[in-house]
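J.: Below is the structure I would like to discuss, written out as structure tokens.
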Amino acid sequence: ADMVLPLSSNIAPVADALGPYAAEAQIPVDLDGTGSDADGEIVLYEWDFEDDGVFDFADSNGAATQHVYIAEDSYRAKLRVTDDAGAIGLAVATVTVAPAPIHVAPGGDDGGSGAPGDPLASLAAAYAKATLEGQQTIRLAEGIYDEVPDFQPGIHVEGGRDPGSWGPGTTRSVFHLGAASATADGITIATLIENVELSS
């Protein structure tokens, strides 16, 4: 007998990945996206964070999520939306991932990695690591440091950071110098040093 296939009149949904995104290695980046369907509703949002064919995130309520990219690179994050008839829509956004800053916190460990969850204890150790690895940014958690800093040109120091999120905190990073003096040879306005306080 003849086979008759019905013609689907469903309109496929449209996805928007809302990029491009800028991120830092080892720091969560917020991703979001939207989906629309002219003749139905979106029932599933999915992300393939590296565009490697594996969808790493799925949610029926929306596309908002976070992802941690481990290494510096440029990635393609793909959003897939599915409507109530099973049709899909795809969109891609570029995620540009910068090198991870080196993190320093009171109570850290100078033998650590300098990652957000494994901060170093001193600015001196952070400068040494930054010079060795070609990093350009050091983040200091807010708090008290018993250290006499020697600020180096070309490496930004972002003080006053919340040690939980590493976003801006509520106080500064304070260095107790005693009778000593901090140094900053060769520093120009091109080198950012912010939210750092020097105290005797």
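J.: Taking only C-alpha pairs under 8 Å that are 6+ residues apart, what is the relative contact order of segment 103-189 in percent? Don't skip to the answer; put the middle values down first.
T.: Values: 184 pairs, mean separation 22.2, N = 87.
The normalised contact order for segment 103-189 reaches 25 percent.
J.: Determine the percent antiparallel among the DSSP beta bridges restricted to segment 84-200, to the nearest 5. Please list the in-between numbers first.
T.: Working: 2 of 20 bridges.
That works out to approximately 10 percent antiparallel.
J.: Still on this structure: With every protein chain left in place, what is the accessible area per residue of the chain in square angstrom, probe 1.4 Å?
T.: 53 Å²
J.: Now for a separate question. Might you report the magnitude of the Cβ-based charge dipole of the chain about its Cα centre, with Lys and Arg at +1 and Asp and Glu at -1, to the nearest 20 debye?
T.: Computed charge dipole of the chain: roughly 600 debye.
J.: Still on this structure: If I take every Cα pair under 8 Å that is 6 or more residues apart in the chain, average their sequence separation and divide by the length, what percent do I get for the relative contact order?
T.: Computed over the chain, the figure is 15 percent.
J.: Something else now. Between segment 149-200 and segment 1-49, how many Å separate their Cα centres?
T.: Value for the Cα centre distance between the two parts: 44 Å.
J.: What's the carbon and sulfur percent of segment 45-194's accessible surface, probe 1.4 angstrom, rounded to a whole number?
T.: Working: 3640 of 7240 Å².
Here carbon and sulfur together make up 50 percent of the probe-accessible area.
J.: For the chain, what is the percent of antiparallel DSSP beta bridges, rounded to the nearest 5? Write out the running numbers ahead of the final one.
T.: Details: 27 of 49 bridges.
For the chain, the DSSP antiparallel bridge percentage is about 55.
J.: Where Lys and Arg each count +1 and Asp and Glu each count -1, what net charge lies around residue 123 among other residues with Cβ under 9 Å from its Cβ?
T.: With Lys, Arg at +1 and Asp, Glu at -1, the net is -2.
J.: What number comes out for the charge environment of residue 91, summing +1 per Lys or Arg and -1 per Asp or Glu over other residues with Cβ under 12 Å away?
T.: -2
J.: Could you order peptides 59-68, 178-187 by the average number of other Cβ atoms within 10 Å of their residues, highest first?
T.: Values: 59-68: 14.1, 178-187: 10.6.
The peptides rank, most packed first, as 59-68, 178-187.
J.: While we're on this one: Which of these values of Cα Rg over 2.2 N^0.38 Å was calculated from the structure shown: (i) 1.13; (ii) 1.44; (iii) 1.03?
T.: Calculated Cα Rg over 2.2 N^0.38 Å: the matching label is (ii).
The values are calculated or read from the model by the stated rules, or taken from the named source; none is laboratory data. Computed from a predicted model, the values in this text were never measured in an experiment. All Cβ positions, even for glycine, are placed from backbone atoms using ideal geometry, and neighbour counts span all protein chains on display. The accessibility values were calculated without ligands, DNA or RNA, using every heavy atom of the protein model including side chains. Shrake-Rupley method; radii C 1.70, N 1.55, O 1.52, S 1.80 Å.
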